Ligand SMILES: [Zn+2]
């Protein structure tokens, strides 16, 4: 992986998870990428020294690391589900220069033959702007739903936190991404763990935020989990490799361990939101406390 990822900073333009496909029982999962964006490697790896994270990922001259934006389309049930809507295109020029987001989700869905009105359900694991950016688009200066027929789901505690606009993380919560959907009745706020459609459930795992939910997909004895920012990339598998953005690091460590206690023996397909090259794989404990991912071939 080190070699592969070292090339990324240079070859960012050609790097994409878009269009990768895999089956989990009766469900067909397709990755639709919102393209890549850049984030400073310091906060991305929290307390991990740069000398260590540089062995796994490359950075550019501004210390930035390239990240992916992997949205997941689930077909095969009665309803079509989209998990996460990327970073979107509502940023002003100043913010755009910081992250250089490609914001390709809408184009990639269209190129894949997925019309906005074919999405029945959108799930946001949490409401940071890089997870719900394409929930809405601006039309005549107003944020309107990108997916006109969809019911959107997001954790209620996330929404309450975002509304409070805490100094610590208010930049992450942009109300245009969700408040218009609550006002028009399209977004349901989820109070607890629950099934969204048969086989697709949300489950609260505190750590990154208090109320972030992962999404589990289960069919025919097989299981996949969209882990969101519990493990944003395959470089964050080791227990202490957290982001400085994580609000509750001690809980994140415990909950990552608990997750592995289920996912590794159960051979769950683990789906990474922000890995620009590895959309999914099977997590393995290589040696005590050291984890790696077995990539899925042919997808
Ligand atoms: Zn986040």
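If the condition is being surrounded by 14 or more Cβ atoms within 10 Å (Cβ to Cβ) and without any contact (Cβ under 8 Å) to a residue 40 or more places away in the chain, then the stretch 275-299 contributes 282, 284, 295. Of all the residues in the stretch 257-274, those that are surrounded by fewer than 24 Cβ atoms within 10 Å (Cβ to Cβ) and within 16 Å of the ligand (Cβ to nearest atom) number 0.
When you scan the stretch 120-154, how many residues do you find that are touching a residue at least 40 places away in the same chain (Cβ under 8 Å) and either away from the ligand (no atom under 16 Å from the Cβ) or more than 18 Å from the chain's Cα centre (by Cα) (or both)? Residues meeting the conditions: 12. Taking the criterion of being outside any helix (DSSP H, G or I), surrounded by 14 or more Cβ atoms within 10 Å (Cβ to Cβ) and out of contact with any helix residue (DSSP H, G or I) (no Cβ under 6 Å at 6 or more places or on another chain), the residues of the stretch 113-135 that qualify are 114, 119, 120, 121, 122, 123. If I filter the stretch 251-265 for residues that are in a loop (DSSP other than H, G, I, E, B) and modelled with pLDDT of 95 or more, do I get at least one hit? Yes; the residues of the stretch 251-265 include at least one that is in a loop (DSSP other than H, G, I, E, B) and modelled with pLDDT of 95 or more. Only strands (runs of 3 or more DSSP E) whose full extent lies in the stretch 182-240 are considered here, and the ones with at least 1 residues that are within 16 Å of the ligand (Cβ to nearest atom) are 200-204, 213-219, 222-226. Taking the numbered list (1) touching a residue at least 12 places away in the same chain (Cβ under 8 Å); (2) on the phi < 0 side of the Ramachandran plot in turn, residue 258 passes all entries but (1). Of all residues in the stretch 91-100, exactly one satisfies the criterion of being buried (at least 16 other Cβ atoms within 10 Å of the Cβ) and either modelled with pLDDT of 95 or more or not in a loop (DSSP other than H, G, I, E, B) (or both), namely 99. Being surrounded by fewer than 19 Cβ atoms within 10 Å (Cβ to Cβ), away from the ligand (no atom under 14 Å from the Cβ), at positive phi and touching a residue at least 40 places away in the same chain (Cβ under 8 Å): is that true of residue 165 here? For residue 165, the condition - surrounded by fewer than 19 Cβ atoms within 10 Å (Cβ to Cβ), away from the ligand (no atom under 14 Å from the Cβ), at positive phi and touching a residue at least 40 places away in the same chain (Cβ under 8 Å) - is not met. With respect to the conditions (1) at pLDDT 95 or above; (2) away from the ligand (no atom under 16 Å from the Cβ); (3) assigned to a loop (DSSP other than H, G, I, E, B), residue 277 falls short on a single one, namely (1). With respect to the conditions (1) in contact with a strand residue (DSSP E or B) (Cβ under 8 Å, 6 or more places away or on another chain); (2) in contact (Cβ under 8 Å) with a residue 40 or more places away in the chain, residue 240 lacks only one, and its number is (1).
One residue is enough: does the stretch 63-85 have a residue meeting the conditions in contact with a helix residue (DSSP H, G or I) (Cβ under 7 Å, 6 or more places away or on another chain) and at positive phi? Yes, because at least one residue in the stretch 63-85 is in contact with a helix residue (DSSP H, G or I) (Cβ under 7 Å, 6 or more places away or on another chain) and at positive phi. Which one is modelled with the lowest pLDDT among residues in the stretch 136-154 that are in a loop (DSSP other than H, G, I, E, B) and closer than 15 Å to residue 177 by Cα? Looking at residues that are in a loop (DSSP other than H, G, I, E, B) and closer than 15 Å to residue 177 by Cα, I get 141.
Of 67, 105, all but one fail to be surrounded by 23 or more Cβ atoms within 10 Å (Cβ to Cβ) and away from the ligand (no atom under 16 Å from the Cβ); the exception is 105. Residue check: is residue 252 over 15 Å from the mean Cα position of the chain (by Cα), touching a residue at least 40 places away in the same chain (Cβ under 8 Å) and surrounded by 23 or more Cβ atoms within 10 Å (Cβ to Cβ)? Spelling it out, residue 252 is indeed over 15 Å from the mean Cα position of the chain (by Cα), touching a residue at least 40 places away in the same chain (Cβ under 8 Å) and surrounded by 23 or more Cβ atoms within 10 Å (Cβ to Cβ). For the stretch 146-162, a residue qualifies if it is surrounded by 21 or more Cβ atoms within 10 Å (Cβ to Cβ) and touching a helix residue (DSSP H, G or I) at 6+ places or on another chain (Cβ under 6 Å), and the qualifying residues are 146, 147, 152.
The values are calculated or read from the model by the stated rules, or taken from the named source; none is laboratory data. Fair warning: this is a prediction, and the values are worked out from it, not measured in the lab. Cβ coordinates were reconstructed from backbone atoms using ideal geometry, including for glycine residues, and neighbour counts include every protein chain displayed.
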